Amino acid sequence: MYDDYTVALALFDYIPTVFTALGMYWLCTSQLFDLSVIRRLAIVGAVMIVSGGLLKASWKLIVASTGEHIPWMNNSLFIFMAPGFVLLGFALGLRHIRPVSLPIPLLFTGAIPIIALCLYLVYPGQRLWFFWLLAVVTLANTAVIFMLARAGWNTNDRIISLLYIASFFGTLSLSGLARIPEQTAALQWIEESINAVAQGLFFAASLRLNKRLRETQTQ
């Protein structure tokens, strides 16, 4: 099943993760979050998102170099990204609300892995837990990109919005490619290349948003 994974492909998979980490850094250090508690919420979400990508890339490298399959690392992408994107979404959604109430976001986020675990225990032979996490990631990521694109639009820099939207559609196209039964090495290279471009656009958008917000702050 994993015969087409090569060390070169596995190493290349770290590139999108690096772009994501850089994009999250510039996003979390931007003027979007003026309250420290909201910024910390965004940082925790960002760390979880990057951790999911890093563990998945490391799993591919282990499989390619040793042939050993570590299931929990293979499943870590959505396990970490689902609550991560939800936390980041709450941080973006609550940044203008005063006073800030954290119990609801934290309880909602905490329920995500609990529901996934229940689905896994009740339906062990099925992958309902995976589809649950996939649905959460898709919805939360859509909300995050929408709010970021709107934030870029509000700075009168339309390029920021276009970069975020292009990044989103690039990521969205990966789900369609992943459904192709024959996951050949060539197809995986195409998928990883699209992912790298999509995350590169996310990084560029976050960097530009950070700079634009700082310029607005000093005016």
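Using θ = phi - 60° and the Karplus form 6.51 cos²θ - 1.76 cosθ + 1.60, what ³J(HN,Hα) does each residue of region 79-92 get, whole Hz, x for Gly and Pro?
After applying 6.51 cos²θ - 1.76 cosθ + 1.60, I find 4, 8, 5, 4, x, x, 5, 5, 4, 5, x, 5, 4, 5 Hz.
Summing -39500 (n - 2.57) over the DSSP H runs of n ≥ 4 in the chain and dividing by its residue number, what mean residue ellipticity at 222 nm do you reach, to the nearest 500 deg cm²/dmol?
On the way: 9 runs with 177 residues, N = 219.
Only helices count here, giving -28000 deg cm²/dmol.
What is the local net charge at L92, summed over the other residues whose Cβ is closer than 14 Å to its Cβ (Lys, Arg +1; Asp, Glu -1)? Intermediate results must be reported in sequence, preceding the final value.
On the way: positive: R39, R40, R95, R150; negative: D34.
Net charge in that neighbourhood comes out at +3.
Please say if region 142-218 is rounded, prolate or oblate, where rounded means a/c under 1.5 for a ≥ b ≥ c the square roots of the C-alpha gyration tensor eigenvalues, and otherwise the choice is prolate for a/b larger than b/c and oblate otherwise?
Values: a/c = 4.60, a/b = 2.66, b/c = 1.73.
Taking the square roots of the gyration eigenvalues as a ≥ b ≥ c, region 142-218 is prolate.
Take the Cβ-Cβ distance between E68 and R98 as r, set R0 to 45 Å, and report the resulting FRET efficiency rounded to the nearest 0.05.
On the way: r = 51 Å, r/R0 = 1.13.
Taking R0 as 45 Å, the efficiency between E68 and R98 is 0.35.
Out of L172, L77, L92, any idea which swings most in a Gaussian network model of the chain, alpha carbons joined below 10 Å?
L172
Rounded to whole Hz and in sequence order, give me ³J(HN,Hα) for region 128-133 from the Karplus expression 6.51 cos²θ - 1.76 cosθ + 1.60, θ = phi - 60°, writing x for Gly and Pro.
3J(HN,Hα) across region 128-133, in whole Hz: 4, 4, 5, 5, 5, 5.
To test your reading of the geometry: what angle, between 0 and 90 degrees and rounded to tens, separates the Cα axis of helix 158-178 from the longest principal axis of the chain?
20
Give the residue list of GluC sites (Glu not before Pro) in region 165-204 that are DSSP loop and have at most 10 other beta-carbon atoms within 10 angstrom. Don't skip to the answer; put the middle values down first.
Details: sites: E182, E191, E192; in loops: E182.
When the GluC sites (Glu not before Pro) of region 165-204 are filtered for loop state and at most 10 Cβ neighbours within 10 Å, E182 remain.
Using only the Cα atoms of region 49-125, build the gyration tensor, take square roots of its eigenvalues as a ≥ b ≥ c, and label the shape rounded, prolate or oblate: rounded if a/c is under 1.5, else prolate if a/b is larger than b/c, else oblate. Let's see the in-between values first.
Numbers: a/c = 5.37, a/b = 1.77, b/c = 3.03.
Oblate.
Which one of Y164, Y14, Y120 has the biggest mean-square fluctuation once the chain is modelled by GNM with Cα springs under 10 Å?
Evaluated over the chain, the most mobile residue of the options is Y120.
Return the sequence-ordered ³J(HN,Hα) values of region 116-122 in whole Hz as given by the Karplus equation 6.51 cos²θ - 1.76 cosθ + 1.60 applied to θ = phi - 60°, using x for Gly and Pro.
Calculated HN-Hα couplings, in order: 4, 5, 4, 5, 5, 6, 7 Hz.
Scan around T155 for amide H atoms under 5 Å from its own, H built in the peptide plane at 1.01 Å from N, and keep only partners 5 or more places away or cross-chain.
none
Considering every pair of different Cα atoms, what Kirkwood radius, in Å, is found for region 82-219? List each step's numbers first, then the result.
Values: mean 1/r = 0.0586 Å⁻¹.
For region 82-219, inverting the mean 1/r across all distinct Cα pairs yields 17.1 Å.
Which of these, N156, N75, N195, has the largest mean-square fluctuation under a Gaussian network model of the chain (Cα springs below 10 Å)?
N156
Any read-out appearing in this document is the output of simple, stated calculations on the displayed coordinates, not a laboratory observation. Only a predicted model underlies this, so the values are computations on that prediction, with no experimental measurement involved. Note: ideal-geometry Cβ built from the backbone for every residue, glycine included; neighbour counts use all protein chains shown.
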